[in-house]
1. When you go through Ser88, Ser10 one by one, which is the residue that is within 19 Å of Leu267 (Cα to Cα) and either at pLDDT 85 or above or among the polar types (S, T, N, Q) (or both)?
2. Is it the case that Phe230 is in a loop (DSSP other than H, G, I, E, B) and over 15 Å from the mean Cα position of the chain (by Cα)?
3. For Phe269, state whether it is outside any helix (DSSP H, G or I), at pLDDT below 95 and of a type in the set (Phe, Trp, Tyr).
4. Just for segment 220-251: of the residues that are free of Cβ contacts under 8 Å to residues at least 60 places away in the same chain and under 21 Å from Leu28 (Cβ atoms), which one is surrounded by the most Cβ atoms within 10 Å (Cβ to Cβ)?
5. Hey, among the residues in segment 12-38 that are free of Cβ contacts under 8 Å to residues at least 24 places away in the same chain and of a type in the set (A, V, I, L, M), which one's nearest to Phe95 (Cα to Cα)?
Amino acid sequence: MEKLNFLIGSYIGTVKAMFSFRLWTPFLIFALISLVVVLLFANPFIPVIGPLVSGLAEFIGGSEAVSHYPDLFVFLPKTYGWVTLVLSVFLEILFIGAGFLMFTAYYRNERIGFGKAVSGASKKYFQIVAVWLFYYVILLLLLTFLPKLFDPLIGGSPRRTMAFSVLLRLAGTFLLAMLMYVLPYLLVDGERLLTAIGRSIKTCFKNPFSSYTLALIPYLLMLPLSIALFSPATIVRKFSPELVLYLIIVEIVVNMIASFIFVSSVLRFYWEYAE
């Protein structure tokens with residue numbers, strides 16, 4: 001009960017922190033970068049950079065249809081998704097690290113600018129990228145090979161495929177719960193990578209329900225949009241091609257909010273119950 005009350009208190013504290021607009025800086029900047037990326041893929045005919053974007057989209061999508069209207073909107077979640085996955089591993093994690101340092105200063109009634117926070121996080125850059133890369137590789141392996149393994153059960157049904165994908169991501173969330181404390185151990189306490197990983201796993205298993213909840217809430221915020229974008233061809237055929245773009249833009253905004261909540265709540269819980 002004590003941990004549940006503190007968990008609720010962590011989210012209340014996060015809501016209060018939302019009114020400190022400078023804390024939004026790392027999340028807002030990545031959201032703007034993501035917005036530029038999706039707009040470029042949605043407009044592959046702009047001068048100069050257009051051919052490069054179109055070529056990259058064809059490479060990811062495996063078809064020239066990615067450069068033709070309205071098919072480009074069918075492929076848009078896939079092309080945008082793979083590019084932002086790379087950006088997430090190598091850039092967003094740096095901004096999330098900066099967010100941890102900015103929140104640390106905020107909750108200690110101190111102040112640190114975005115530039116200094118990024119500089120501080122960059123000192124552990126390769127370590128936090130290694131952890132993030134490991135998480136995404138395992139998650140992608142789960143999402144790629146398990147559906148093939150259970151294909152007789154899924155039976156080619158789009159609804160079953162979507163439900164199975166959601167279940168896999170819910171399972172993958174526990175991996176995130178085990179690794180999410182690595183960042184504050186590295187950036188706030190200055191631990192070495194292997195020590196940080198070991199202590200993060202111990203903290204997770206010491207607080208399994210709370211840790212899983214902390215990791216799950218951001219995913220649940222994103223889940224409705226993930227479901228809505230699961231079949232972009234249906235959206236293009238039954239509604240409007242541009243609706244795919246609008247849904248991705250909403251997804252970018254929700255991801256920004258989810259990342260803010262994740263960093264703040266994980267940090268507060270880590271301080272209270274870290275191993």
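The values are calculated or read from the model by the stated rules, or taken from the named source; none is laboratory data. All figures in this text were calculated on a predicted structure; none of them were measured in a lab. Don't worry about glycine lacking a Cβ; one is built from the backbone with ideal geometry, like all the others, and counts go over all protein chains shown.
1. Among Ser88, Ser10, only Ser10 is within 19 Å of Leu267 (Cα to Cα) and either at pLDDT 85 or above or among the polar types (S, T, N, Q) (or both).
2. Yes: the conditions hold for Phe230.
3. no
4. Once the filter is applied, the top-ranked residue is Glu251.
5. Leu32
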